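One structure below.
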Amino acid sequence: MRFLDEEFVQGFIRMANDGWRQGWHERNGGNLSYRVRSEEVAKIKGNFQTGEWRSTGTRVPDLAKEFFLVTGSGKYFRNIILRPEDSICMIELDDKGEKYRIVWGLVNGGTPTSELASHLMNHEVKKLTSDDSYHVIYHAHTTNVIALTFVLPLRDEVFTRELWEMATECPVVFPDGIGIVPWMVPGGRDIAVATSKLMKEYDVAIWAHHGMFTAGEDFDSTFGLMHTVEKSAEILVKMLSMRSNKLQTIQPDEFRSLAKAFKVTLPEKFLYKK
Ligand code: 2HA
Ligand code: ZN
């Protein structure tokens, strides 16, 4: 099987291009990773060439020997659809989950995303808490969410509640809520530790003044989650541009009725009295 013809590879490329078209990936901004299933690895193994082992910058023992499709560091999302073999790569982790080697892609050299530590640590948390069902981690520079990190208190409760209020579908799409990482230096293990801690509880983490991470089972749900949160943020930015306070909004008891009707659990910590 030709590597690029495989369905998960096509799904990865389409999602990256959808993100580019949304305007979330200026220059080399953002990154995407997919935890490949063993039966998918088996189908494309014939295309592999093994590079040398290098440090991942972290340790993810529960992902030992797994394979990931990831965007390349410094690569532009807008080029992925044209030159996937130059822009993305597949990596294999060693038996301790400490080192990786490139088995496909980045044909003109390079390394996996600068946020590899965050991607791997988020995958590890999600693999363990989702009974192995989560496979996608996505980081994007979503304009409206970033704008809100300058005007809302950087608290999980506030972001979750304000974004839930902006569109009735929101509590149904992200019932667990949103976690906030205060401003930190990107590209390393510290921010990966902070983000993966939030991923134990949430599928969405916002990096103040930087962007957002979402996690999901597949490309559709993970992209859809990013899209829903960012659209809600866009509505909030528009609302705040018209007036500083709301004339009316969805009330805590209305959220409770919504939760019942749509069979989701909405943690009470987000339904505080204002
Ligand atoms: O440039 O988005 O966070 C890639 C990034 C780093
Ligand atoms: Zn970024």
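The values are calculated or read from the model by the stated rules, or taken from the named source; none is laboratory data. For clarity, every value in this text was computed on a predicted model and none was experimentally measured. Cβ coordinates were reconstructed from backbone atoms using ideal geometry, including for glycine residues, and neighbour counts include every protein chain displayed. These accessible areas exclude ligands, DNA and RNA; they are computed on the full protein's heavy atoms, side chains included. Shrake-Rupley method; radii C 1.70, N 1.55, O 1.52, S 1.80 Å.
The residue that is nearest to the chain's Cα centre (by Cα), among those in region 104-129 that are surrounded by fewer than 20 Cβ atoms within 10 Å (Cβ to Cβ) and away from ligand 1 (no atom under 16 Å from the Cβ), is Lys127.
Being in contact (Cβ under 8 Å) with a residue 40 or more places away in the chain and touching a strand residue (DSSP E or B) at 6+ places or on another chain (Cβ under 7 Å), is that true of even one residue in region 187-194?
From region 187-194, those in contact (Cβ under 8 Å) with a residue 40 or more places away in the chain are 187-189, 191-193; that's our starting set.
When the remaining residues are screened for being touching a strand residue (DSSP E or B) at 6+ places or on another chain (Cβ under 7 Å), the result is 191.
Looking through region 187-194, at least one residue is in contact (Cβ under 8 Å) with a residue 40 or more places away in the chain and touching a strand residue (DSSP E or B) at 6+ places or on another chain (Cβ under 7 Å).
Note on region 194-248: residues that are more than 16 Å from ligand 2 (Cβ to nearest atom) and on the phi > 0 side of the Ramachandran plot amount to 0.
Okay, residues lined up against (1) within 22 Å of Glu98 (Cβ to Cβ); (2) part of a helix (DSSP H, G or I); (3) at pLDDT 95 or above:
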residue	(1), (2), (3)
Met1	no, no, no
Leu4	no, yes, yes
Met15	no, yes, yes
Arg27	no, no, yes
Tyr34	yes, no, yes
Val41	yes, yes, yes
Lys45	no, yes, yes
Gly51	yes, no, no
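For the condition of a type outside the set (Phe, Trp, Tyr), open to solvent by 70 Å² or more (accessible area, probe 1.4 Å), under 19 Å from the mean Cα position of the chain (by Cα) and modelled with pLDDT of 95 or more, Pro175 does not qualify. In region 27-60, of all residues being away from ligand 2 (no atom under 16 Å from the Cβ) and of a type in the set (Lys, Arg), the one that is least open to solvent (accessible area, probe 1.4 Å) corresponds to Arg35.
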